[in-house]
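Student: Okay, here's the structure, questions in a sec.
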């Protein structure tokens, strides 16, 4: 057995231990598809910057078969890796990556693919996920599209090198597949702020769409069932996942935050982590109650999702109307300062009270309805209280 094959088997064992991989067909795919073919180079974090890693570097193969997300592009610029290799670690915002194998396994299983079904993947990226789909379904049943011609071209070459030939295209994934083919399953490995109606038009009735939502607070996975009239309905999934957004769905950079005075700080019983951490049950409802509010790194207005998830402190909340909240820990207590036209933290505290009154619903109690006129969340059953998706 080759070293890469041993590492693939070890990765599968990790995914089994994490309880994210169950189906024999997907177990076989993860064991067979050589991830290293799709990741000859990538970026590694280096003290707030990004270092260029190549296949000849020590530990490259072990990192490829780790459980980590591996960044493959910065700032939509295919030349940044060469620059980092030549001059040393560089700054930049990740714009393409090979996702964590665990979230890939979750999404592939949630797709509930059956033999003979046609699958569309939105966001080719490295091509690794398209290879897994091709191994499971047969390359003739898999189509994949990416907006970046350089990324798409490299993925096509690597897919062929690994023995897979799905139908690859360059185009805006929000518009679906350029050829207009109908698919039984649509999988988006990027996040969207709303469900593109083009996906519904290209999904067969009763077909499934699995994607992640590009919501600053309360993002995660949804699975929708397509209707016969260009509509869809489904559920927010219990298992979480976060992805980079499609280019057309990216959020604008936040403005710098004002500096509060000493007298602006007051204690709160609600930790910022309860609002922002995905592992906290309240996070999803907080996003519903505070539409348009987003986290930024305290002090510089930087979006924390650019380089990782928000932490327990050092994160602020902002809204496009100029409202903001800063948070800090002081002597073991949570304190906030806020400003702008609305008191955002009062909204957060009121939302927490309402969430408790609703018996603390977790994300999988919420559903989604998509029509040509509206996209909305609902709690437990359609027809009751709703919240806009976008």
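The values are calculated or read from the model by the stated rules, or taken from the named source; none is laboratory data. If you're wondering where the values come from, they're calculated on a predicted model, not measured in any experiment. Ideal geometry is used to build each Cβ from the backbone, glycine not excepted, and the neighbour counts take in all protein chains shown.
Student: Could you list, in sequence order, all residues of the stretch 159-168 that are part of a strand (DSSP E or B) and touching a residue at least 40 places away in the same chain (Cβ under 8 Å)?
Tutor: 168
Student: Does the stretch 169-187 hold any residues that are crowded, with 19+ Cβ neighbours inside 10 Å, modelled with pLDDT under 95, on the phi < 0 side of the Ramachandran plot and not in a helix (DSSP H, G or I), and which are they?
Tutor: The answer is 177, and nothing else.
Student: Oh, and also: Those residues that are free of Cβ contacts under 8 Å to residues at least 40 places away in the same chain and within 24 Å of residue 114 (Cβ to Cβ), I need them from the stretch 142-158; list them, please.
Tutor: 142, 144, 145
Student: Out of all the residues in the stretch 348-370, which are more than 18 Å from residue 212 (Cα to Cα), assigned to a loop (DSSP other than H, G, I, E, B) and touching a residue at least 12 places away in the same chain (Cβ under 8 Å)?
Tutor: 358, 360, 361
Student: When you check residue 203 against the structure, is it modelled with pLDDT of 90 or more, touching a helix residue (DSSP H, G or I) at 6+ places or on another chain (Cβ under 9 Å) and either closer than 18 Å to residue 292 by Cα or surrounded by 22 or more Cβ atoms within 10 Å (Cβ to Cβ) (or both), yes or no?
Tutor: no
Student: For residue 53, state whether it is under 23 Å from residue 222 (Cβ atoms), at pLDDT 95 or above and either touching a helix residue (DSSP H, G or I) at 6+ places or on another chain (Cβ under 7 Å) or in a strand (DSSP E or B) (or both).
Tutor: It is false that residue 53 is under 23 Å from residue 222 (Cβ atoms), at pLDDT 95 or above and either touching a helix residue (DSSP H, G or I) at 6+ places or on another chain (Cβ under 7 Å) or in a strand (DSSP E or B) (or both).
Student: Being assigned to a loop (DSSP other than H, G, I, E, B), modelled with pLDDT of 90 or more and touching a strand residue (DSSP E or B) at 6+ places or on another chain (Cβ under 9 Å) is true for just one of 269, 326. Which residue is that?
Tutor: 269
Student: Here's a follow-up. Output the qualifying pairs, or none if there are none: Cβ atoms under 6 angstrom, residues six or more apart or on different chains, first residue in the stretch 212-241 and at negative phi and modelled with pLDDT under 90, second residue crowded, with 17+ Cβ neighbours inside 10 Å and in a loop (DSSP other than H, G, I, E, B).
Tutor: Close Cβ pairs satisfying both conditions: 214/193; 219/242; 240/278.
Student: Do we find a residue being assigned to a loop (DSSP other than H, G, I, E, B), modelled with pLDDT of 95 or more and buried (at least 17 other Cβ atoms within 10 Å of the Cβ) anywhere in the stretch 126-148?
Tutor: Taking every residue of the stretch 126-148 in turn, at least one turns out to be assigned to a loop (DSSP other than H, G, I, E, B), modelled with pLDDT of 95 or more and buried (at least 17 other Cβ atoms within 10 Å of the Cβ).
Student: Right, something else. So which pairs qualify, if the first residue must be in the stretch 94-120 and on the phi > 0 side of the Ramachandran plot and at pLDDT 95 or above, the second must be outside any helix (DSSP H, G or I) and surrounded by 22 or more Cβ atoms within 10 Å (Cβ to Cβ), the Cβ gap must be under 7 Å, and the two must be at least 6 apart or on different chains?
Tutor: 112/208
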